[in-house]
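The values are calculated or read from the model by the stated rules, or taken from the named source; none is laboratory data. Owing to the predicted nature of the structure, the values given are computational and were not obtained by experimental measurement. Every residue, glycine among them, receives a Cβ derived from its backbone with ideal geometry; neighbour counts consider all protein chains shown. The area values use the complete protein model at the heavy-atom level, side chains included, leaving out ligands, DNA and RNA. Shrake-Rupley method; radii C 1.70, N 1.55, O 1.52, S 1.80 Å.
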Amino acid sequence: EIADPLYNASRDIPVEKTGTINDLFTRPSTKKAIEEARRNIADRGGSLDLDNLTVGMIDDIKKALDDQIGVAVRAGEKNRTSSLMEIKNGLVKHADDVSPAYAEARRVFSDDSSVLNALNDGVKAFDNNMTPDALRKYISGLDESAREAYITGARQKIANTMGTARNDASAVRSMFNKGYNAEKINI
């Protein structure tokens, strides 16, 4: 992965525990994330020592917070998600300030992830819950490479559907030529 060298270059950079970090570390969700990060680091043969904090340790705590955020998002817990994002953003800002290489690694990883997510979302473009208006709004928010990936995913969905229509290709063709699907193809 492109971001790996940048992550590796920043993992061992020491991080001074400021008042902000100490405050974030006292929060219940951060304590839970620290324990999860401690377990993950131990599974890799290392240890998490908060008295000798590094950018890599903050990244492991951030990943544990990401897991909590994912659970909250899936459960529709907006306030919880917001609180967890505040903690995560505070930790990440501190690590970014200490290590510009870490900030760059996260940016590169985010760019790669957004393209992959757009490709996967493109495959779902013809699901019934995606209206043409929602599709327009979604596509308008994508950068050029993510937009291309989305279109590739949507084309892949059409090709796969057509390719698996053994006996009635005309029925599948008509499915894409009417209603929302026809409008989505034009978009």
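Considering the stretch 84-98, and only residues there that are in contact (Cβ under 8 Å) with a residue 40 or more places away in the chain and more than 18 Å from K31 (Cβ to Cβ), the residue that is farthest from the chain's Cα centre (by Cα) turns out to be V98. Remark: pairs (first residue in the stretch 70-83, among the β-branched types (V, I, T); second residue open to solvent by less than 80 Å² (accessible area, probe 1.4 Å); Cβ separation under 8 Å; 6+ apart in sequence or on different chains) = V73/T81; T81/I69; T81/A72. Here the stretch 41-71 is the region considered, the condition is being in a helix (DSSP H, G or I), among the β-branched types (V, I, T) and surrounded by 19 or more Cβ atoms within 10 Å (Cβ to Cβ), and the residue that is farthest from the chain's Cα centre (by Cα) is V55.
Residues that are open to solvent by less than 30 Å² (accessible area, probe 1.4 Å) and assigned to a helix (DSSP H, G or I) within the stretch 72-100 comprise A72, T81, L84, I87, G90, L91, V92, A95, listed in sequence order. R38 meets all of the listed conditions (1) within 25 Å of N8 (Cβ to Cβ); (2) exposed (fewer than 14 other Cβ atoms within 10 Å of the Cβ); (3) not small (G, A, S) but one, namely (2). So, in the stretch 20-57, of the ones that are within 17 Å of K93 (Cβ to Cβ) and among the β-branched types (V, I, T), which residue ends up modelled with the highest pLDDT? So, considering only residues that are within 17 Å of K93 (Cβ to Cβ) and among the β-branched types (V, I, T), the one modelled with the highest pLDDT is T30. Show the residue pairs that are 6+ apart or on different chains and have beta-carbon atoms under 8 Å apart, the first residue being within the stretch 99-120 and among the basic types (K, R), the second being at pLDDT 65 or above. Between residues of the stretch 99-120 that are among the basic types (K, R) and residues that are at pLDDT 65 or above, the close pairs are R106/V92; R106/D96. No other residue among I139, I158, I151 is within 19 Å of the chain's Cα centre (by Cα), surrounded by 15 or more Cβ atoms within 10 Å (Cβ to Cβ) and at pLDDT 75 or above apart from I139. Residue under question is N128, and the condition is that it be touching a helix residue (DSSP H, G or I) at 6+ places or on another chain (Cβ under 9 Å), at pLDDT 75 or above and surrounded by fewer than 17 Cβ atoms within 10 Å (Cβ to Cβ); does it hold? The answer is no for N128.
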